[in-house]
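Student: Pasting in a structure now, in structure tokens, and then I'll have a few things to ask.
The values are calculated or read from the model by the stated rules, or taken from the named source; none is laboratory data. What you see is a predicted model, and the numbers here were worked out from it, not measured in a lab. Cβ placement follows ideal geometry from the backbone for every residue including glycine, while neighbour counts extend to all protein chains displayed.
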Amino acid sequence: MSDQIVPGVDAPCPIGRAAETIGDRWMLLILRHATAGVTRFDDFRQQLGIADNILSNRLGRLVQSGLLVKAAYRDERRTRHEYRLTTAGADLLPVLHALAAWGQQHTRPSGPDQPMRVIHSVCGQDMPIGEFCPHCDRVAARDEIRWLRPWRSGSAEPLAEPVT
């Protein structure tokens, strides 16, 4: 659990504060992609199919909220920025897993598709929601968790590590 407090959210209820911070559809999808290792504006735009102005606004809000940090890098022509998960952003992993589980149970894809799987790389077994692996009988560290999203790739992908 992070001890970082998200600034600018004043609702008395913790669910209200969380919803105010990440309740927008694009915020959750951007955080999903950041968790999977996407860092660059063009990659977010391409993978999400989101308009530049909306993406720019949401990335700015996620940075302002302390869920992402903006880091400069240099490409062939100019200085650009990457967006990396903070500890507070990485701490949303159980929320993303819970949303994935809910979506698999209560919604259906438009075509035939295999479900997303959360895999513990140490034992290779599927993990339920949470960080505890019942197959190994221990808590799985973040760097041991992989996402297998068959519609994106045939291999299990590691999660992005947060910046500290």
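Student: Name every residue in the range 19-63 that is assigned to a helix (DSSP H, G or I) and either in contact (Cβ under 8 Å) with a residue 60 or more places away in the chain or not assigned by TED's automatic domain parsing to the domain that holds Glu82 (or both), in order of residue number.
Tutor: Of everything in the range 19-63, those that are assigned to a helix (DSSP H, G or I) and either in contact (Cβ under 8 Å) with a residue 60 or more places away in the chain or not assigned by TED's automatic domain parsing to the domain that holds Glu82 (or both) turn out to be Ile22, Leu28, Leu31, Arg32, Ala34, Thr35.
Student: Considering Val139, Val118, which residue is surrounded by 14 or more Cβ atoms within 10 Å (Cβ to Cβ) and either assigned by TED's automatic domain parsing to the domain that holds Ala34 or not charged (D, E, K, R) (or both)?
Tutor: After applying the criteria, what remains is Val118.
Student: Search the range 72-90 for residues being at pLDDT below 95 and farther than 13 Å from Phe44 by Cβ, and hand back the single one that is surrounded by the most Cβ atoms within 10 Å (Cβ to Cβ).
Tutor: Filtering the range 72-90 for residues that are at pLDDT below 95 and farther than 13 Å from Phe44 by Cβ, the one surrounded by the most Cβ atoms within 10 Å (Cβ to Cβ) comes out as Tyr73.
Student: For the range 148-157, indicate whether the set of residues that are of a type outside the set (A, V, I, L, M, F, W, C), touching a residue at least 24 places away in the same chain (Cβ under 8 Å), in the same structural domain as Leu31 (by TED's automatic domain parsing) and part of a loop (DSSP other than H, G, I, E, B) is non-empty.
Tutor: Within the range 148-157, none of the residues are of a type outside the set (A, V, I, L, M, F, W, C), touching a residue at least 24 places away in the same chain (Cβ under 8 Å), in the same structural domain as Leu31 (by TED's automatic domain parsing) and part of a loop (DSSP other than H, G, I, E, B).
Student: From the set of residues in the range 120-163 that are β-branched (Val, Ile, Thr) and touching a Lys or Arg at 6+ places or on another chain (Cβ under 9 Å), which is modelled with the lowest pLDDT?
Tutor: The extreme case among them is Val163.
Student: Here's something else I'd like to know. Output the residue which, of all residues in the range 122-164 that are among the basic types (Lys, Arg) and over 14 Å from the mean Cα position of the chain (by Cα), is nearest to Leu96 (Cα to Cα).
Tutor: Arg152
Student: Might you check whether a residue that is touching a residue at least 24 places away in the same chain (Cβ under 8 Å), in a loop (DSSP other than H, G, I, E, B) and in contact with a Lys or Arg (Cβ under 7 Å, 6 or more places away or on another chain) occurs anywhere in the range 105-119?
Tutor: yes
Student: Test of understanding: among His97, His135, which residue is under 20 Å from Met27 (Cα atoms) and either free of Cβ contacts under 8 Å to residues at least 40 places away in the same chain or in a strand (DSSP E or B) (or both)?
Tutor: His97
Student: Still on this model: Would you call Gly66 within 28 Å of Glu131 (Cα to Cα) and assigned to a loop (DSSP other than H, G, I, E, B)?
Tutor: When the stated conditions are applied, Gly66 passes them.
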